[in-house]
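K.L.:
Got a structure for you, written out below as structure tokens; questions coming shortly.
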Amino acid sequence: MDKKNFVAKSKKLSRDIIIEKSLNGIKFSREELTYLFLYAESEWVYRLANEIRKKKKGNIIYFRGIIEFSNYCSKNCLYCGIRRDNRLLKRYRMEEEEILEVAKEIVNKGFRTIVLQSGEDPIWNTERLVGLVKELKKLGVSITLSVGERNRDEYRRLKKAGTDRFLLKHETINNALFSWLKPDTSLEKRLRCLNWLKEFGYEVGVGCIVGIPRQKLEQFIDELLFLQDFKPQMVGHGPFIPHPHTPLATFPSGSALLTLKMLALTRIVLSDANLPISTALSVLAPELRIKAFLAGANVFMPDLTPITYKRYYDLYPGKGEYQPDLENLLNRLQKVGLKTDLVES
Ligand code: 5AD
Ligand code: SF4
């Protein structure tokens, strides 16, 4: 369908219809999503997403503290700075005691949700993680794990230990692109993991990398169709940022504005979901952070990894040094009428 036809069709896709469909969880067609993604005016889409966020999630931004407890990874994803073959990176691995100490500090600051993230580190095996989760649960916090692909039984045991949520970004829903970017795994395996997580009752988080090499604009429509079918509870999209010690070093960064549009459209197709703004977006375009909260986002996940390790969790340039001024962010959120909450059920 050419642009003229889309614009003609769009007259039928009014603001009221979009909001009505979104709030009632009615699926959008490929044509509707193509129109909204490619042709609808961005500011209009952001306003719609903001309205839907307000109606479904209220005016509250939730904060979840991240601890990156190991940067060892057995995988070799082409885009990632902590990939196995990056021999220039200093590796670290926190131990149980230290993680618990940091977690207690985070709880004392008022956070009630802790996200534990690492590379796929075989030394931090499932048995160890089960022990850690059980200890952390004694602090009365919700636990999100982001530790990569495991087998079905491992996901079952981690849930039983008390894990509430699991982040496993799918990165791209395009099969060929996925296989190229992630040579140690496959999209099929990734989706199998995501289905197991759902089966065991985790709140599941996914997300794609926006502007990664070889990605075509049409693929974003497939992303949105996937999201509205899979219905994850959390979605975090981040722009690609080239890392100098990876095979993708010479490619350009992804577009922050395209990331914002994907965020807004994700709010429209999944009105109930929790949508964090990614650290990659904050690093690439800090000036867009507030705008992202007014375009559908409702979660912020500050990195609370101890300063001695933080700079080695070097997924992409700028990440290790990124230190959001939380006080300032809270003030600015209040100014645009958004409340903040560290204590989340
Ligand atoms: N640019 C943007 N995001 C990246 N990630 C890893 N490397 C990069 C990069 N170069 C993101 C991926 C992954 C998460 C750990 O960090 O989405 O899921
Ligand atoms: Fe490891 Fe994840 Fe980076 Fe891939 S994206 S190399 S699995 S940390």
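K.L.:
Which Cys in the chain stand alone, with every other cysteine's Cβ at 4.7 Å or more from theirs?
P.N.:
Cys73, Cys193, Cys208 - these cysteines have no disulfide-compatible partner (Cβ-Cβ under 4.7 Å) in the chain.
K.L.:
Hey, if you put +1 on the Cβ of every Lys and Arg and -1 on every Asp and Glu Cβ in the chain, which of Pro302, Pro286, Phe200 ends up farthest toward the positive end of that dipole?
P.N.:
Working it through, the farthest residue towards the positive pole turns out to be Phe200.
K.L.:
Right, here's the next one. Grab the Cα-Cα distance for Arg47 and Gln219, subtract it from 0.36 nm times how many residues apart they are, and report the gain in nm with one decimal. Show your work: numbers first, answer last.
P.N.:
On the way: separation 172, 0.36 × 172 = 61.92 nm, distance 2.37 nm.
Result: 59.5 nm gained on full extension.
K.L.:
Apply the Karplus parameterisation 6.51 cos²θ - 1.76 cosθ + 1.60, with θ equal to phi minus 60°, to every residue of segment 21-27 and state each ³J(HN,Hα) to the nearest whole Hz, in sequence, with x for glycine and proline.
P.N.:
Each residue's phi maps through the Karplus curve to give 4, 4, 5, 9, x, 8, 5 Hz.
K.L.:
Looking at segment 185-223, which trypsin sites (Lys or Arg not before Pro) are DSSP coil and have at most 16 other C-beta atoms within 10 Å of their C-beta? Before the final figure, lay out each step's value.
P.N.:
Values: sites: Lys189, Arg190, Arg192, Lys198, Arg214, Lys216; in loops: Arg214, Lys216.
Those that pass, being in a loop and sparsely packed, are Arg214, Lys216.
K.L.:
For Lys12, give me every one of the lysines with a C-alpha distance below 30 angstrom, ignoring sequence neighbours fewer than eight places off in its own chain.
P.N.:
Reachable lysines: Lys3, Lys4, Lys21, Lys27, Lys54, Lys55, Lys56, Lys57, Lys216, Lys231, Lys261, Lys291.
K.L.:
Compute the distance from the alpha-carbon center of segment 276-345 to that of segment 67-106, in whole Å.
P.N.:
If we compute the Cα centre of each part, the gap is 20 Å.
K.L.:
Evaluate the charge dipole of the chain about its Cα centre and quote only its size in Debye, nearest 20, assuming +1 on the Cβ of each Lys and Arg and -1 on the Cβ of each Asp and Glu.
P.N.:
Numbers: 56 positive and 42 negative charges, 141 e Å.
Taking the Cα centre of the chain as origin, the dipole is about 680 debye.
K.L.:
Residues with amide H under 5 Å of Leu294's amide H, sequence separation 5 or more or different chain, H placed in the peptide plane at 1.01 Å from N; which?
P.N.:
It is none; the list stays empty.
K.L.:
For the chain, take the alpha-carbon Rg, divide it by the Kirkwood Rh, and send me Rg/Rh. All intermediate terms of the calculation are to be shown ahead of the outcome.
P.N.:
Values: Rg = 19.5 Å, Rh = 20.5 Å.
Computed over Cα atoms, the ratio is 0.95.
K.L.:
Please list, in order along segment 281-291, the HN-Hα scalar couplings obtained from phi with the Karplus expression 6.51 cos²θ - 1.76 cosθ + 1.60 (θ = phi - 60°), rounded to whole Hz, x for Gly and Pro.
P.N.:
Karplus values, whole Hz, x for Gly and Pro: 5, 4, 6, 6, 9, x, 5, 9, 4, 5, 4.
K.L.:
Contour minus end-to-end for Val336 and Tyr312, with contour as 0.36 nm per residue of separation and end-to-end as the Cα-Cα distance? Don't skip to the answer; put the middle values down first.
P.N.:
Working: separation 24, 0.36 × 24 = 8.64 nm, distance 3.45 nm.
That pair, Val336 and Tyr312, stretches by 5.2 nm at full extension.
K.L.:
Hey, what do the phi angles of segment 258-269 turn into as Karplus ³J(HN,Hα) couplings, whole Hz, using 6.51/-1.76/1.60 and θ = phi - 60°, x for Gly and Pro?
P.N.:
5, 4, 5, 5, 5, 4, 4, 5, 5, 4, 5, 7
K.L.:
Distance in nm between label sites at Glu188 and Arg30, each 7 Å beyond Cα in the beta-carbon direction?
P.N.:
In this crude spin-label approximation the distance works out to 2.2 nm.
K.L.:
Across segment 50-110, how large is the tail of the calculated P(r) beyond 13 Å, expressed as a percent of all Cα pairs? Can you show the working numbers first?
P.N.:
On the way: 1337 of 1830 pairs.
Summing the P(r) of segment 50-110 above 13 Å gives 73 percent of all pairs.
K.L.:
Skipping prolines and chain starts, which residues have an amide H placed within reach, meaning under 5 Å, of the one on Gly320, given they are 5 or more residues away or on another chain?
P.N.:
Residues meeting the amide H criterion: none.
We did not get these values from a lab; they are worked out from the coordinates using the rules stated. The structure presented is a predicted model; accordingly, all values stated were derived computationally and were not measured. Here Cβ is always computed from backbone atoms with ideal geometry, including for glycine, and neighbour counts include all displayed protein chains.
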